[in-house]
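The next block holds one structure in the form of structure tokens; read it before the comments.
The values are calculated or read from the model by the stated rules, or taken from the named source; none is laboratory data. Every value quoted in this text rests on a predicted model; they were computed, and no experiment measured them. Using ideal geometry, Cβ is built from the backbone for each residue, glycine included, and neighbour counts are taken over all protein chains shown. Protein only, heavy atoms only, side chains kept; ligands, DNA and RNA dropped before computing areas. Shrake-Rupley method; radii C 1.70, N 1.55, O 1.52, S 1.80 Å.
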2 protein chains.
Amino acid sequence: MALYKRGRQSFVPEHPVVVTKWASIAGKKESEGPLASGFDQCCQDTYFGEKTWEQGEKRMQQMALTTLMEKAGLSNGDIDMLFSGDLLNQCIGSSFTLRNANIPHLGLYGACSTMAESLLLASMAVGGGFADTVVAMTSSHFASSERQYRFPLGYGGQRTPTAQWTVTGSGAALVRPHGKGPRITAATVGTVTDLGIKDASNMGAAMAPAALATIQAHFRDLNVHADHFDRIFTGDLGAVGKEALLSLARREGLSLGGKLEDCGCLVFDAKKQDVHAGGSGCGCSAIVLCSHLLNQLHSGKWKRILFCGTGALLSPTSTQQGLPIPGVCHAVCIEGET
Amino acid sequence: MALYKRGRQSFVPEHPVVVTKWASIAGKKESEGPLASGFDQCCQDTYFGEKTWEQGEKRMQQMALTTLMEKAGLSNGDIDMLFSGDLLNQCIGSSFTLRNANIPHLGLYGACSTMAESLLLASMAVGGGFADTVVAMTSSHFASSERQYRFPLGYGGQRTPTAQWTVTGSGAALVRPHGKGPRITAATVGTVTDLGIKDASNMGAAMAPAALATIQAHFRDLNVHADHFDRIFTGDLGAVGKEALLSLARREGLSLGGKLEDCGCLVFDAKKQDVHAGGSGCGCSAIVLCSHLLNQLHSGKWKRILFCGTGALLSPTSTQQGLPIPGVCHAVCIEGET
């Protein structure tokens, strides 16, 4: 019955699914990183003009949405469906962004995999003929994350070498059934995978097994291998997690063909910016996708990428209760304009 | 292009979408309520055999999933896609349920609207031809919610008359493109609606405007009115919120035709069970849907219902920062077997 299902975990949309526009808003540290020139706006104020970091994160998502709508020449009232989520407890970054905005909203929690998850669901909504104008969006904020997951910033806690730096940023993509732009041609839903890592300061290693499982599933379901892609991007494994993934892949006999890159390694200059193992957070893969990656597909530099959003499904409660960190990864295949 | 879109916020699935099986697991207080006989299992231990309430909530979801799979004669390996979420920070109830379970998982955050949200997305996945065997699932737990959102239980805080009692329960529904069972024939995605209620002990009133907006949107998009349905069920407005919704509807000139019922009012006997304004939580509408409602559709007592999951999108952080409580409501039209 399911005509567009491929293998167990994957699907190809029936109708064309085009990412017609994208927008990225970044914070101060991100504006000092190697990808700065691709972001639509960078803000030097960590509060984004609001009174709290949480409300600042909301403001950042609003800026991403407004920029996206301006680029598309649309207004909020044109949006049929918006998929979004974030890292804050009860996803208040996303809910307050859309408060009384009159936009049909489906809330997600996929931790740092949310950009890929929202894009996957947007491609289902558009590709299945259920909606015409769909937005996929997410955000993260260093300061709101740090105090929620770890310590108050004023405490000045030491960071371990495997720790990552939560990106302050928001990315939004507009998905439509027609128009010019990169196309989503396949997607793979990930399983919750956990090899027992308990160190909340080493989320890259915790997420690497999920990334491997999803890349393997995508290759198997779509009957492709690494050569099919110009690049394979993981979301925020960072330097430690990327090495862990390469090592796990070797052990499984899976070749990634030198195609693997990680948004967490790209967004900061690890040597100069004191971010230890790299960037992380929902905003990490979101702002890299909604600038560098979609720009390169748009310009024709790349023909096809596999965008693999990675999420660490921990909470301070589960960590305090001594539980390990489950990971998840969703993959979306995006191709350049034909 | 979007053939199955109706109006702005709604869609009708292309292919048949059948809820072939459903399962509900309930806690002690729920087992003493008027719907007890419909639940598949009731557990008298608030820890569900685990060490913590959070892990107990996970165990409850696992029980719902296992019961569902047994009823369907399927195993976890047969599930193509599972949509779930819960109220715990970072949705650890859902993530830990699926840890290493080898089930493709898309995590949601829709607060107490999650049962309707997961069912809506499952109907999109199956109705669009992307998956064959999809599970929609959620849970809530009185004790894990109370200590996360309000006070430690041992503190013995007084409850206001408008307060609701979080249901301890988990519901799961299996959605497939064929088979016998009630069918999902339309769905409406809600907008985040907020009239400025700031009292976190009066979530029913905070959610009522969202319920009204979504019911109005469903009626408008599908060109139907209250007479089209045998019953209209809101998720967990409770007695106060239900009255608020009726009052708002009257003011808008919208007739609900005496069809409105609320799962939060049905799940407990408010007079005998000391639950003040009624039940709430993701588990509230989930266990009422996955017992009483689907059973009545299955038996032919009702021909068509509108199931409206209601969610209050607050967090302790937003409440402490003095912000109001945005609400959301998603609606799914379910029809009896033909």
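The table that follows gives values for the structure above.
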{"read-out": "Number of positions in segment A:69-116 that are in contact with a His (Cβ under 6 Å, 6 or more places away or on another chain) and either more than 7 Å from every other protein chain (Cβ to nearest Cβ) or open to solvent by 10 Å² or more (accessible area, probe 1.4 Å) (or both)", "value": "3"}
{"read-out": "Search result, residues across segment A:182-219 that are away from chain B (no Cβ under 13 Å) and either under 19 Å from A:LYS259 (Cα atoms) or not in a loop (DSSP other than H, G, I, E, B) (or both)", "value": "A:ARG183, A:THR185, A:GLY204, A:ALA205, A:ALA208, A:ALA211, A:LEU212, A:ILE215, A:PHE219"}
{"read-out": "Within segment B:134-162, tally of residues that are open to solvent by 10 Å² or more (accessible area, probe 1.4 Å) and on the phi < 0 side of the Ramachandran plot", "value": "17"}
{"read-out": "Residues of segment B:117-134 that turn out to be part of a loop (DSSP other than H, G, I, E, B) and more than 7 Å from every other protein chain (Cβ to nearest Cβ), as a count", "value": "1"}
{"read-out": "Any pair with Cβ under 9 angstrom, 6 or more apart, that starts in segment A:7-20 at a residue that is of a type in the set (Ser, Thr, Tyr) and ends at one that is open to solvent by 10 Å² or more (accessible area, probe 1.4 Å) and part of a loop (DSSP other than H, G, I, E, B)", "value": "A:THR20/A:HIS178; A:THR20/A:GLY179; A:THR20/A:LYS180"}
{"read-out": "Any hit, segment A:25-39, residues being open to solvent by 20 Å² or more (accessible area, probe 1.4 Å), outside any helix (DSSP H, G or I) and under 19 Å from A:GLU146 (Cβ atoms)", "value": "yes"}
{"read-out": "Residue list for segment B:4-23, restricted to those being more than 18 Å from the chain's Cα centre (by Cα), closer than 14 Å to B:GLY181 by Cβ and open to solvent by 30 Å² or more (accessible area, probe 1.4 Å)", "value": "B:PRO16"}
{"read-out": "Selected residue (criterion: surrounded by the fewest Cβ atoms within 10 Å (Cβ to Cβ)) from residues of segment A:286-323 that are away from chain B (no Cβ under 14 Å) and of a type in the set (Ser, Thr, Tyr)", "value": "A:SER299"}
{"read-out": "Set B:SER170, B:SER247: member being surrounded by fewer than 18 Cβ atoms within 10 Å (Cβ to Cβ) and either in contact (Cβ under 8 Å) with a residue 12 or more places away in the chain or part of a helix (DSSP H, G or I) (or both)", "value": "B:SER247"}
{"read-out": "Every pair of residues 6+ apart whose Cβ atoms lie under 7 Å, when the first sits in segment A:118-143 and is among the charged types (D, E, K, R) while the second is modelled with pLDDT under 95", "value": "A:ASP132/B:MET1; A:ASP132/B:ALA2"}
{"read-out": "Residue match in segment B:223-240 (condition: acidic (Asp, Glu), free of Cβ contacts under 8 Å to residues at least 40 places away in the same chain and in contact with a helix residue (DSSP H, G or I) (Cβ under 9 Å, 6 or more places away or on another chain))", "value": "no"}
{"read-out": "Flag for A:GLY56 being part of a loop (DSSP other than H, G, I, E, B), out of contact with any Gly (no Cβ under 6 Å at 6 or more places or on another chain) and either under 25 Å from B:ALA312 (Cα atoms) or not charged (D, E, K, R) (or both)", "value": "no"}
{"read-out": "Qualifying residue in segment A:264-287 (condition: β-branched (Val, Ile, Thr), modelled with pLDDT of 95 or more and in a helix (DSSP H, G or I))", "value": "yes"}
{"read-out": "Number of positions in segment B:17-65 that are closer than 12 Å to B:SER140 by Cα and within 14 Å of chain A (Cβ to nearest Cβ)", "value": "8"}
{"read-out": "Of the criteria (1) open to solvent by 10 Å² or more (accessible area, probe 1.4 Å); (2) in contact with a strand residue (DSSP E or B) (Cβ under 8 Å, 6 or more places away or on another chain); (3) assigned to a helix (DSSP H, G or I), which one A:GLN62 fails", "value": "(2)"}
{"read-out": "Boolean, B:THR166 is under 19 Å from A:SER113 (Cβ atoms) and not aromatic (Phe, Trp, Tyr)", "value": "no"}
